[in-house]
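Single-structure report; data block below.
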Amino acid sequence: MHTSNGDPSGYINGNGGSITLESGIHTITYSALDECGNQRDMSYRITVQDDTDPVAICDQFATISIKTNGYTEITAQAIDDGSFDECSAVTLKVRRMEDPCSFGHDTAWYDKVGFCCLDANTTRMVQLLVTDAGGNTNICMVSVNVQEKVDPRITCLPDITINDCLYTFDPQNPAAYFGEIVIDDNCPANNQLREVVTDNRNQCGIGTVVRTTSVIGGGITYQTCVQTITFRNNDPFYINDANHTDPTDDIVWPADYTALGQCSVLGLDPAITGEPVFTEDACDLVGMRYEDAVYPFTTNGACYKIIRTWTVIDWCQTDKDGNHLTWSHDQEIKVMDNVIPTITSSTTPKLELTYDGECQDGQIVLTASATDCTPAQ
């Protein structure tokens, strides 16, 4: 007795008997022998067909993890839980129910199927196909939990200083100006960067911008970086307070002033007596004010002396205590009277009669008056 491929499948020495035949096509040959050694053979075919489906047994659940390359796979053997057939061995194939990774593993049967980052932290259904030697099939399904266990990380950028108070940037795109932060993860697309830009610069463009960047995945914040960008004025407003004639100063203080021909402190505004002249750029915000202290004099022709104290403040600079930088300068203004007094009394001749018979002396009263801006002596 031979199978369809020609291999012997059994032998019976006698007329009749039984033999077990597996599924397939078998050739049965009878041989008749007489005592003289003569033999005649006769053959016919027997086909044994298995019409019973194999038993498909799957694991109910399976768990896999995305690898560092963003990919993983599962084999048919890994989800089989002892599938069998009563007549023959079985073969196993697997396919996905859906394939967001576009591998094509949902259209045909394979020894293994793949998973990508689009499957991370989800449950996907996978089918197991069990086939016996007779071509009979059966299918079972497995829930595959796809995990992604690598925590995303980012590399924090160093703090930087920019010596330009006019520097502008787009707060919605800080990476284009201060450096890009890249997610280090096996599935970087499954995470997001959240950036908050806090602008602490003053109206002069000086100060800091704090850039806070967090990497978030699945609603979890894994890491946060803080980058501080410091903006400075590369040419700040400068006054040498110890030397008001320093040629490097950004200010020229008004010179002392003498007002001639008047005794009033009126009409001595800075447009006449002079005021500080300073040089500032777009990164400076300089203001000034003055206060007058008036002292009356009656010597050396001076009616008054005014000490005009100028105060200049830079709203863009502060000292170590946080106070805005200020500078002061005293301007001396003298009010001089160089105009002679004016006599205001009458110069008409005056006659006084005594009517005294003895011609004794009489008394006459003369008065005179004059005007001047200088106080009377």
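Points worth noting:
- Filter result for the condition that a residue is surrounded by 15 or more Cβ atoms within 10 Å (Cβ to Cβ), touching an Asp or Glu at 6+ places or on another chain (Cβ under 7 Å) and either farther than 30 Å from Asp319 by Cβ or modelled with pLDDT under 95 (or both), over Pro188, Pro174: Pro174
- Among the residues of the range 315-342, those identified as of a type in the set (Asp, Glu), farther than 17 Å from Ala242 by Cα and either at pLDDT 90 or above or surrounded by fewer than 13 Cβ atoms within 10 Å (Cβ to Cβ) (or both) are Asp321, Glu332.
- Test result for Gly134, surrounded by 14 or more Cβ atoms within 10 Å (Cβ to Cβ), outside any loop (DSSP other than H, G, I, E, B), in contact (Cβ under 8 Å) with a residue 12 or more places away in the chain and not aliphatic (A, V, I, L, M): no
- Evaluating Thr245 against the criteria (1) polar (S, T, N, Q); (2) surrounded by fewer than 17 Cβ atoms within 10 Å (Cβ to Cβ); (3) under 20 Å from the mean Cα position of the chain (by Cα) leaves one unmet condition, (3).
- Picking from residues in the range 67-115 that are assigned to a helix (DSSP H, G or I) and free of Cβ contacts under 8 Å to residues at least 40 places away in the same chain, the one that is surrounded by the most Cβ atoms within 10 Å (Cβ to Cβ) is Ala78.
- Qualifying residue in the range 177-184 (condition: in contact with a Lys or Arg (Cβ under 7 Å, 6 or more places away or on another chain), more than 22 Å from Ile57 (Cα to Cα), of a type in the set (Asp, Glu) and not assigned by TED's automatic domain parsing to the domain that holds Ile79): yes
- Between Ile239, Ile251, Ile229, the distinction of being out of contact with any Cys (no Cβ under 8 Å at 6 or more places or on another chain), touching a residue at least 60 places away in the same chain (Cβ under 8 Å), surrounded by 15 or more Cβ atoms within 10 Å (Cβ to Cβ) and under 30 Å from Thr212 (Cα atoms) belongs to Ile229 only.
The values are calculated or read from the model by the stated rules, or taken from the named source; none is laboratory data. Since the structure is predicted, the reported quantities are computational estimates derived from the model, not experimental observations. Positions of Cβ are backbone-derived with ideal geometry, glycine not excepted, and every protein chain shown enters the neighbour counts.
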